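Beneath this line is the structure, given in structure tokens, with notes to follow.
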Amino acid sequence: MDRTLVNIKIPRQQTSYDITIGRGLLVDSGSWAAAALGNRDSKLLIVSNRKVFGLYGETVRKSLKDVGFKIEVHLIGDGERFKSFRTLQDTLAALSEKGLTRTDAVVALGGGVVGDLAGFAASLHLRGIDLLQIPTTLLSMIDSSVGGKTGINTSFGKNLVGTFHQPKAVLIDVGVLRSLDDRELTAGFCEAIKQAALAGPKLFQLTADILKADRRFDDPTVLDAVARLVAKQVAFKAKIVRGDETEATDNDSPTSRKILNFGHTFGHALEKVTDYKYLRHGEAVGYGIKFAAELSKKLELLDQDEVDSLNDVVRRAGMLPTISNIDPALVLESLKHDKKRVGNSLRWVLLRGIGKPVIVPDTEIPRSAVSSTLKTIFR
């Protein structure tokens, strides 16, 4: 397929960057980076993990080097637990030790953990240097690489420390999906379902249709279909980000960037109480979608047919690990530290229907509704 370009323009910062989507793009990452940065003499620090770098690192490094960039590499651990202060400190030390200056850049090659961590480090080093994102998981392609959010987890919760730091460009090569295991694909598709449920019936149906199809990612036809889905998912997120880059606290409208937290309130709590070691982020979001749909029904916002439809599509994404071993009381306690709190009120993103998000303060939700929803999800 031809490459697809999605552009993000942030009015506040006069920032505009392209997200390039297709297959077989990594071998051309050097010319892509040169066009984005406008300077082939820069030093680039590739931040990745051992597994991803082993698969794609040499291809990217060679392409970058061939056009004139000076390349350094820094590898971090694989998994959410490495999105930490310690890993951030090590990455910042690498940026200093390898002598990156204000005219140099960071290349994030990996999934959401790599992208969030590398982006945060880039935003802090010398008060901010350029960032290029090359996401290698489905979830990071449609979500974390787009929109400029960076961050790390703390003992108090997920992504509680971070910055907004927009990349100079994003390169999405769907060919790398061949290397993902079933759990990683399920995680990515759950994130796709989340965004589709917010976007409306058209994207929701397209996502559901992809989930019905064969996932043979060695088939170019299948990859091209997934690339088209990724492009539409990215375009939806880009539209939301353009209108509310920094997730304004006083914006609770259906176009607020807060709506992208649909499924994340409960999902983040599950991740925290299991110390980020049990569930993939997208798997937790899958449970979060089920929770938010059930809570929406209990508040008479969503009817049973739409709840069933959401649950069915989540089921098609793949089997989620059981959560019967998790204490619901701990999850309830964890919600108190969710980063989406405004003042003393937690904002729940719920649905009035597919494509009809609504932000509801927890002060307007009876505790009995949350408790009974917990019982439903944990039974």
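Each reported figure results from applying straightforward, stated rules to the coordinates on display, with no laboratory input. Keep in mind that this is a model prediction, so the values were computed, not measured. In this analysis, Cβ positions are derived from the backbone assuming ideal geometry, glycine residues included, and neighbour counts consider all displayed protein chains.
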Could you tell me which of HIS264, GLN195, ALA235 has its Cα farthest along the dipole of the range 188-336 towards the positive end, charges placed at Cβ (Lys, Arg +1; Asp, Glu -1), taken about the Cα centre?
ALA235
Student exercise, the chain dipole from Lys, Arg, Asp, Glu Cβ charges, in Debye to nearest 20:
440
When the chain is treated as a Gaussian network with springs between alpha carbons less than 10 Å apart, the largest mean-square fluctuation among LYS212, LYS297, LYS232 is found at LYS212
Of VAL176, GLY77, MET141, which is farthest along the charge dipole of the range 4-180 in the positive direction, counting Lys and Arg as +1 and Asp and Glu as -1 at C-beta?
GLY77
What is the order of SER31, SER296, SER155, SER145, fewest Cβ neighbours within 10 Å to most?
SER155, SER31, SER296, SER145
Too-long pairs where the Cα-Cα distance tops 30 Å, listed order kept, from LYS298/LYS336; LYS98/LYS237; LYS43/LYS83; LYS168/LYS290; LYS43/LYS272
LYS98/LYS237; LYS168/LYS290; LYS43/LYS272
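Work out the length of the dipole vector of the range 34-102 about its Cα centre, built from +1 on the beta-carbon of each Lys and Arg and -1 on the beta-carbon of each Asp and Glu, and round it to the nearest 20 debye. Don't skip to the end; give the middle numbers.
On the way: 13 positive and 8 negative charges, 6 e Å.
Magnitude of the dipole: close to 20 debye.
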Pick out, from ALA105, TRP32, LEU88, the residue whose Cα sits farthest towards the positive end of the charge dipole of the range 4-180, with +1 on the Cβ of Lys and Arg and -1 on the Cβ of Asp and Glu.
LEU88
Can you tell me the convex hull volume per residue for the range 246-378, based on C-alpha atoms, in Å³ to the nearest whole number?
107
What is the spin-label model distance, in nm, from ASN311 to ALA248 if the labels are put 7 Å beyond Cα along the C-beta direction?
3.8
Cross-link reach from LYS258 to aspartates and glutamates, straight Cα distance under 19 Å and at least 8 residues apart if same chain, gives ASP116, ASP143, GLU191, ASP244, GLU245, GLU247, ASP250, ASP338, ASP362, GLU364
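With contacts defined as alpha carbon pairs under 8 Å and 6 or more residues apart, what's the relative contact order of the chain in percent? Before the final figure, lay out the partial values.
Working: 727 pairs, mean separation 59.7, N = 379.
After rounding, I find 16 percent.
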Compute the FRET efficiency between SER372 and ALA93 as 1/(1 + (r/R0)^6), taking r as their Cβ-Cβ distance and R0 = 51 Å, and round to the nearest 0.05.
0.55
Measure out, as a whole number of angstrom, how far apart the alpha-carbon centroids of the range 86-163 and the range 288-316 sit.
34
Debye intensity ratio I(q)/I(0), log10, the range 4-180, q values 0.20 Å⁻¹ (C-alpha model):
-1.47
For LYS9 and LYS277, extending 7 Å from Cα along the Cα-Cβ vector and measuring point to point gives, in nm, a value of 4.9
Give the aspartates and glutamates reachable from LYS62 as a straight Cα distance under 12 Å; neighbours fewer than 8 places away on the same chain don't count.
ASP28, GLU72
Provide the percentage of antiparallel DSSP beta bridges, counting only those with both residues in the chain; round to the nearest 5.
40
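For the range 229-302, count the residues as N, evaluate 2.2 N^0.38 Å, and divide the Cα radius of gyration by that value, please. Kindly include the intermediate steps, with their values, before the conclusion.
Details: Rg = 14.0 Å, N = 74, 2.2 N^0.38 = 11.3 Å.
Relative to the rule-of-thumb radius for its length, the range 229-302 sits at 1.24.
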Cα extents of the chain along the three principal axes, largest first (Å):
61, 44, 40
As a footprinting exposure proxy, order PHE266, PHE204 by other Cβ within 10 Å, with the fewest listed first.
PHE204, PHE266
